[in-house]
Amino acid sequence: MNFLLEHGLTVFGQWISIAELVGQICALAVVFLAERRTLWTWPVQVGATVLLFAVYTSAHLGGLASRQVAILVISLYGWWAWTRRKDPVYGVVVRKGRLAERLSMAGLFAVGTVAMALLLDALNASWAPWPDAAIFVGTLVAFGAQGLGLVEFWLVWLAVDAVGVPLQIASGLYFSAAIYVVFAALVIHGWWSWNRSATRNRTRVTAASS
């Protein structure tokens with residue numbers, strides 16, 4: 001792994017390690033795969049977590065590094081969950097979250113961010129504990145909702161991107177910051193695609209029950 005961190009290339013005057021380059025490309029590919037609701041979303045995500053864990057550890061971003069471990073666990077759950085919710089025609093069945101689910105997501109995001117920020121600050125594990133914590137917790141909430149097939153997970157990703165771009169720039173991870181900007185555009189399209197699929201699935205269920 002040290003080889004991947006110590007070797008890389010320069011793009012537009014900015015040096016990028018191989019680990020960061022490949023890790024972020026894999027993370028970017030996950031957005032494309034998730035939009036298409038393919039099971040390949042999860043094994044590619046596993047590869048991204050391993051590489052980005054090393055990148056964020058070397059950048060002294062404890063929250064971002066720790067979230068890679070949590071993402072690995074959630075990815076295994078998501079992989080299992082999606083195999084059980086596969087539709088032969090439409091791919092993974094998706095739906096809009098109920099009010100209670102949306103409130104739970106918002107509550108977990110808010111409370112989790114406060115708790116994680118205080119922990120990171122107490123352990124001196126991050127130079128930017130609050131945005132680091134928001135990205136950590138938001139990522140877990142987003143992946144958990146993605147595993148459940150909830151359309152709202154895309155909106156959580158938008159919030160994570162809004163915090164992530166300035167943090168990556170301040171950390172000197174300019175390539176990662178650029179990837180986050182691309183993420184935002186893809187997330188908006190992904191939300192539109194999943195929202196359309198959720199509406200279609202609901203129409204099918206309503207027609208079948210009438």
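The values are calculated or read from the model by the stated rules, or taken from the named source; none is laboratory data. Quantities reported herein were computed from a predicted structural model and do not represent experimental measurements. So basically every Cβ, Gly included, is an ideal-geometry build from the backbone, and we count neighbours across all protein chains shown. Accessible surface is based on the protein model in full, side chains and every heavy atom, while ligands, DNA and RNA are left aside. Shrake-Rupley method; radii C 1.70, N 1.55, O 1.52, S 1.80 Å.
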Item to check | Among beta bridges that DSSP assigns inside the chain, antiparallel share in %, nearest 5 | outcome: 90 percent
Checklist entry - When the accessible area of the stretch 31-72 is split by element with a 1.4 Å probe, what percent falls to carbon and sulfur? => result 74 percent
Item to check | Efficiency of FRET between T10 and A170 - r from beta-carbon atoms, R0 22 angstrom, step 0.05 | outcome: 0.60
Checklist outcome for this item: Label model pair A122, A162: point-to-point distance (7 angstrom along the Cα→beta-carbon line) in nm is 2.9 nm
Checklist entry - Suppose R0 equals 45 Å; then what is the FRET efficiency for R98 and F3 from their Cβ-Cβ distance, rounded to the nearest 0.05? => result 0.40
Item to check | Distance in nm between pseudo-label sites at V50 and T203 (7 Å out along the Cβ direction from Cα) | outcome: 4.3 nm
Checklist entry - Which shape class applies to the stretch 125-195: rounded if a/c is under 1.5, otherwise prolate when a/b exceeds b/c and oblate if not, where a ≥ b ≥ c are the square roots of the Cα gyration tensor eigenvalues? => result oblate
Checklist entry - Per-residue accessible area for Y180 at 1.4 Å probe radius, Å² rounded to 10? => result 10 Å²
Item to check | Distant alpha-carbon pairs in the stretch 64-181 (separation over 23 angstrom), percent | outcome: 34 percent
Item to check | Estimated dipole of the chain in Debye, rounded to 20 [Cβ of Lys and Arg +1, of Asp and Glu -1, Cα centre] | outcome: 1180 debye
Item to check | Size-normalised alpha-carbon gyration radius of the chain, reference 2.2 N^0.38 Å | outcome: 1.05
Item to check | MRE, 222 nm, helices only [DSSP H, n ≥ 4, -39500 (n - 2.57), over the chain, to nearest 500] | outcome: -27000 deg cm²/dmol
